[in-house]
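The structure appears below as structure tokens.
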Amino acid sequence: MLIGEIELRRGQPGVAFEVLMDAARRTRQELVFRRAADIALQARAGDRALAAVRAWRQAVPDSLEAVRLQLQILSALNRPGDAAEPLRFLLARSPEGERSGLIASIPRFFQQAADPKAVATMLEPVLQPHLQAEATRVAAGVALGRAWLRAGDVPRALTLVRRAHTQDTTAVGPVLAALDLMPRAPEAESVVKAFLAAPQAEPAVRLAYVRALIQAQRLGDAVNELEVVTRQQPAVAPPWLMLGALQVELKHPQPAEQALARYLALVERPSGPEAPKPAAAPGPASDDDDDDDDGDAQSGTSAGSGSALADGIAQARMLLAQAAELRNDDAAAEAHLAKIDQPRRLLEVQTRRAGILARQGRVEQARDLLRKVPERTENDARAKLVAEAQVMRDIKRWGDAYVVLDQAVARWPQDVDLLYEQAMVAEKMDRLAEMETLLRRVIQLKPDHQHAYNALGYSLADRGLRLDEARALIVRALELAPGDPFITDSLGWVEFRLGRHEEALRLLRDAYRARPDTEIAAHLGEVLWVLGRHDEARAIWREGRARDAGNEVLRETLVRLQQDL
């Protein structure tokens with residue numbers, strides 16, 4: 001063993017491995033086998049590491065550590081077909097009380113595999129006995145469902161997850177798997193809703209559902225679920241912050257301010273041994289192998305550390321400033337901004353201040369405020385240009401916004417986000433050929449950029465141009481982002497332009513139910529109007545106007561249809 005370590009220090013890992021393997025075979029000590037395997041792994045000699053583990057298992061047949069390392073190496077070498085035997089051995093030798101947890105962890109174990117279908121195919125016969133056993137059938141069904149989801153077989157994954165939920169309606173695993181299925185199989189949501197309908201449903205699972213709804217842009221539904229969470233656990237702070245953020249996004253300033261004030265009241269209580277502390281929102285105890293939650297306040301997890309708590313408070317202040325701006329109370333907005341003392345949020349704070357100045361007509365002062373923000377990195381420089389362009393867009397100075405974005409694109413010509421933003425400004429300036437060129441460049445650089453497909457398709461549809469092509473573009477966008485309410489709105493609008501009014505109405509109702517946005521309200525109202533349902537159309541338009549009276553699409557619609565609400 002000493003000679004092996006000396007050879008390793010001399011830069012001879014191959015010699016070190018052979019010497020240590022000789023020692024391991026002589027002594028049958030697991031520690032020596034493990035050291036030999038580690039040396040091979042450090043030298044990126046996967047086959048040697050695998051040979052070491054196999055020799056280890058021959059010498060010590062009952063070693064679970066050797067089996068676990070063998071599975072890790074097989075996963076790293078992308079040889080899932082060879083994993084069946086060690087996996088069966090590990091499951092058979094694991095204590096009965098731990099077997100379900102081990103099964104639940106299997107998809108995570110193989111998540112980096114280059115051939116997910118090979119993994120799922122290997123797991124089918126390995127887990128088949130555990131699908132029949134009452135103690136493990138739910139975990140096995142969820143594990144197989146996740147494996148087939150990664151392999152792209154969504155129907156099979158959905159069937160397995162539904163069966164697992166039916167077998168135990170109180171189990172969290174099938175629900176979390178259903179949440180992962182929702183973007184590709186909307187019908188999986190029925191599993192989630194059935195679980196949450198039970199009185200004993202964990203609030204943490206509801207928060208996971210909220211995150212899925214936010215990701216799908218279904219903000220109205222997310223607000224409804226968060227209101228349930230805050231009723232169930234009024235002393236837990238993070239959901240109040242999430243609720244406030246969503247209400248701001250939906251342009252509901254008063255309920256936003258109420259939720260954010262509640263959050264601050266919970267997290268800014270006086271410190272001391274007698275002071276009550278806000279409870280942490282629990283994370284679901286799950287077998288979810290895709291849970292990469294970052295633990296910040298907006299995600300609904302605990303703001304336990306000082307840094308996370310400070311970030312949450314700063315975010316709440318920013319949101320309160322936005323809510324005040326929605327009420328046209330610039331003084332209140334500035335008061336909230338003045339309480340934020342985080343150097344890394346300086347650009348964010350100054351951007352809000354610049355927006356207020358620009359709306360007051362002090363445009364050059366606003367631009368100067370942003371240009372004076374220090375920049376230490378290329379990202380800082382890019383963020384400053386993006387912020388300046390956004391402020392110009394907010395006050396509809398499209399030409400100025402275009403010039404700023406042109407500077408940014410010249411500096412970062414492959415940046416798809418900058419190209420996309422420039423295309424959107426070109427569209428506002430009615431420079432359609434340029435907009436199309438920019439959007440097609442975005443698609444060329446990033447073929448799965450759903451917003452580029454949607455923007456190009458909607459712009460064509462809105463002008464009544466190349467409607468069949470517009471529809472194809474929007475359908476492609478919806479394939480990339482199933483259920484997105486804004487893309488669904490675009491599809492509804494192009495169907496309306498094509499004269500398919502009933503299909504347009506169905507799509508626009510779905511979009512508005514998921515995201516009660518003013519522009520979607522304008523489109524839905526117009527379809528209802530054309531169908532002769534005038535009272536319903538006016539009611540939808542009033543809802544949209546109450547949310548955003550300055551929305552250009554709604555105002556243009558009402559003027560064109562000669563409606564004075």
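The values are calculated or read from the model by the stated rules, or taken from the named source; none is laboratory data. Predicted model only: the values in this text are computed from it and were never measured. Reconstructed Cβ throughout: ideal geometry from the backbone, glycine too, with neighbour counts over all protein chains shown. Please note that ligands, DNA and RNA were not included when accessible areas were found on the heavy atoms of the full protein model with its side chains. Shrake-Rupley method; radii C 1.70, N 1.55, O 1.52, S 1.80 Å.
The table below gives the values:
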{"quantity": "Simple label model, 7 Å out from Cα along Cβ direction - R359 to A310, nm", "calculated": "3.0 nm"}
{"quantity": "Computed E for Q562/Q200 - FRET, C-beta separation, R0 56 angstrom, nearest 0.05", "calculated": "0.55"}
{"quantity": "C-alpha center-to-center spacing [region 547-563, region 316-344] in angstrom", "calculated": "29 Å"}
{"quantity": "Protein accessible area in the chain, 1.4 Å probe - carbon and sulfur %", "calculated": "50 percent"}
{"quantity": "GluC sites (Glu not before Pro) within region 378-467, DSSP loop, no more than 12 other Cβ atoms inside 10 Å", "calculated": "none"}
{"quantity": "Length added when fully stretched, Q232-D341, from 0.36 nm per residue minus Cα-Cα", "calculated": "36.0 nm"}
{"quantity": "Nearest-10 value in Å² for the accessible area of L473, using the 1.4 Å probe", "calculated": "20 Å²"}
{"quantity": "Cα gyration tensor shape for the chain, rounded if a/c is under 1.5, else prolate or oblate", "calculated": "prolate"}
{"quantity": "Trypsin sites (Lys or Arg not before Pro) restricted to DSSP loop in region 7-82 with at most 15 other C-beta within 10 Å", "calculated": "R10, R28, R44"}
{"quantity": "T437, T377, reordered so the largest accessible area comes first (probe 1.4 Å)", "calculated": "T437, T377"}
{"quantity": "Exposure rank, largest accessible area first [D341, D180; 1.4 Å]", "calculated": "D341, D180"}
{"quantity": "Rounded FRET efficiency, nearest 0.05, which uses the C-beta distance separating T159 from Q72 and R0 of 25 Å", "calculated": "0.25"}
{"quantity": "Within region 513-532, backbone nitrogen closer than 14 Å to the virtual label 7 Å beyond the Cα of A546 toward Cβ", "calculated": "516-518"}
{"quantity": "Low-density loop cleavage sites - GluC sites (Glu not before Pro) in region 70-139, where at most 11 other Cβ are within 10 Å (DSSP)", "calculated": "E134"}
{"quantity": "FRET efficiency, E536 to V403 (Cβ-Cβ, R0 41 Å, nearest 0.05)", "calculated": "0.40"}
{"quantity": "Heavy atoms of K117 accessible to a 1.4 Å probe, total area in Å² rounded to 10", "calculated": "120 Å²"}
{"quantity": "Gain in span if fully extended, R108 to L480, counting 0.36 nm per residue against the direct Cα distance", "calculated": "131.5 nm"}
{"quantity": "Per residue accessible area of the chain, 1.4 Å probe, in Å²", "calculated": "47 Å²"}
{"quantity": "Accessible heavy-atom area order of D22, D489, highest first, probe of 1.4 Å", "calculated": "D22, D489"}
